[in-house]
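Take a look at the structure below.
The values are calculated or read from the model by the stated rules, or taken from the named source; none is laboratory data. As the structure is a computational prediction, the values presented were derived from the model and not from experiment. Don't worry about glycine lacking a Cβ; one is built from the backbone with ideal geometry, like all the others, and counts go over all protein chains shown.
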Amino acid sequence: MVHNFTNKVVVIGTGFVGSSYAFALLNEGIAHELVLIDVNEKKAEGDARDLNHGMPFAPSPMLIRSGSYDECRDADLVVITAGANQKPGETRLDLVEKNVAIFQTIIEQVMSSGFNGILLIATNPVDVLSYASWKFSGLPKEKVIGSGTILDTARFRYLLGSYFQVDPRNVHAYIMGEHGDTEFPVWSHATIGGQTLKEYMNDNSKMKDLQQIFFNVRNAAYDIIHLKGATYYGIAMGLVRITKAIFQNENSILTVSALLDGSYGEEDVYLGVPAIINRQGIRQIIELPLNPEEQKQLHHSANTLRQTIQSVNIR
Ligand code: NAD
């Protein structure tokens with residue numbers, strides 16, 4: 001079918017995360033067409049109808065419907081949020097076998113449609129599934145992006161912002177590594193209004209509080225899952241942020257899961273790093289000069305993820 005629309009998104013998996021993403025995307029007004037796919041076809045159809053009823057309040061029109069994998073053929077972006085989520089007490093890595101098997105069938109169907117756009121992965125464990133999607137799809141590494149530590153970085157900036165009573169948009173601080181238990185804070189490059197944290201604080205007396213802030217970031221998903229069963233608004237907005245950087249060719253620096261192909265001395269693994277995102281996908285990984293402790297933490301994260309990848313034999 002020939003049409004005049006641009007910026008077509010397909011969401012696969014319209015559960016909590018997928019439907020929240022669709023809602024946030026509609027409110028952002030940056031996509032023209034949105035197709036929802038789920039094994040639970042009724043859920044996808046129900047979401048499409050519900051979202052369409054918000055159209056009179058949306059910033060710009062968007063064609064929304066439920067559909068099948070053929071719709072991926074001319075999609076610019078396929079966002080995958082399908083699969084099992086963490087149950088209370090379950091780590092993200094516990095999900096790996098279930099979700100790798102689901103991804104094998106999903107990616108096969110996406111690719112057999114003739115898809116040649118960008119894949120954005122959010123399902124956990126997101127770094128392992130981004131790697132699996134890259135392998136299964138055969139797409140260039142630039143075109144397979146994981147949400148990585150975008151949410152952890154947002155949580156970190158938010159908590160540091162509230163602690164110092166500074167707008168989180170003026171706090172620049174990254175969480176890098178696995179989106180999971182081995183992630184780490186990059187204190188050596190954390191700044192507030194251009195000052196390092198050390199300069200901003202004048203002394204180191206608050207370092208203990210800052211460590212606690214990082215622990216709260218690392219445990220945030222566990223805490224929210226304990227409270228309400230799942231997390232979805234934060235990640236949905238993070239996925240929309242990445243979508244915007246792609247569609248508007250922003251060259252924005254975001255912490256996403258990217259293939260490390262020599263950067264940071266690592267190979268053959270996806271993990272959260274700051275990267276420049278534009279219409280081509282991942283333009284470039286930013287290689288920060290990490291301090292020795294941070295470098296060690298990055299290696300540990302990379303090794304953990306590589307071991308998981310090997311344990312499920314993704315080839
Ligand atoms: P959910 O159970 O609400 O939704 C998952 C959806 O996937 C369901 O609607 C289900 O029917 C669908 N599905 C399952 N198998 C499918 C298949 N083969 N094809 C198509 N659809 C299929 O779960 P959720 O809370 O939306 O979480 C989804 C994923 O996102 C989980 O893996 C979760 O851990 C992850 N997540 C990631 C982040 C992040 O920062 N990356 C944050 C929150 C959640």
Are there any pairs, at least 6 apart or on different chains, whose C-beta atoms fall under 6 Å, with the first in region 72-95 and closer than 18 Å to Thr308 by Cβ and the second more than 10 Å from the ligand (Cβ to nearest atom), and if so, which? Leu93/Thr308
Residue satisfying all of: in region 122-161; out of contact with any Leu (no Cβ under 9 Å at 6 or more places or on another chain), touching a residue at least 24 places away in the same chain (Cβ under 8 Å) and small (Gly, Ala, Ser); surrounded by the most Cβ atoms within 10 Å (Cβ to Cβ) among these: Ala132
If you check Ala258 against the conditions, is it in contact with a Phe, Trp or Tyr (Cβ under 8 Å, 6 or more places away or on another chain), buried (at least 19 other Cβ atoms within 10 Å of the Cβ), within 22 Å of Thr14 (Cα to Cα) and among the aliphatic types (A, V, I, L, M)? no
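Yes/no per residue for (1) assigned by TED's automatic domain parsing to the domain that holds Glu142; (2) over 19 Å from the mean Cα position of the chain (by Cα); (3) exposed (fewer than 14 other Cβ atoms within 10 Å of the Cβ); (4) more than 10 Å from the ligand (Cβ to nearest atom):
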site	(1), (2), (3), (4)
Ala22	yes, no, no, yes
Ala31	yes, no, no, yes
Asn52	yes, yes, no, yes
Phe57	yes, yes, yes, yes
Ser60	yes, yes, yes, yes
Leu63	yes, yes, no, yes
Asp76	yes, no, no, yes
Ala82	yes, no, no, no
Glu97	yes, yes, yes, yes
Looking at (1) more than 8 Å from the ligand (Cβ to nearest atom); (2) modelled with pLDDT of 95 or more; (3) not aromatic (Phe, Trp, Tyr), which one does Gly89 not meet, given that it meets all the others? (2)
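Which one is modelled with the lowest pLDDT among residues in region 185-198 that are outside any loop (DSSP other than H, G, I, E, B) and not β-branched (Val, Ile, Thr)? Steps first, please.
Of region 185-198, the ones outside any loop (DSSP other than H, G, I, E, B) are 185, 187-189, 191-192, 195-198.
Those still in the list that are not β-branched (Val, Ile, Thr) too: 185, 187-189, 195, 197-198.
Working: Pro185: 98, Trp187: 96, Ser188: 94, His189: 96, Gln195: 95, Leu197: 91, Lys198: 86.
Top of the filtered list is Lys198.
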The condition from (1) surrounded by fewer than 15 Cβ atoms within 10 Å (Cβ to Cβ); (2) polar (S, T, N, Q); (3) touching a residue at least 60 places away in the same chain (Cβ under 8 Å) that Thr196 misses is numbered (3)
Considering only region 263-301, state which residues are small (Gly, Ala, Ser), surrounded by 14 or more Cβ atoms within 10 Å (Cβ to Cβ) and farther than 23 Å from Arg218 by Cα. Ser263, Gly281
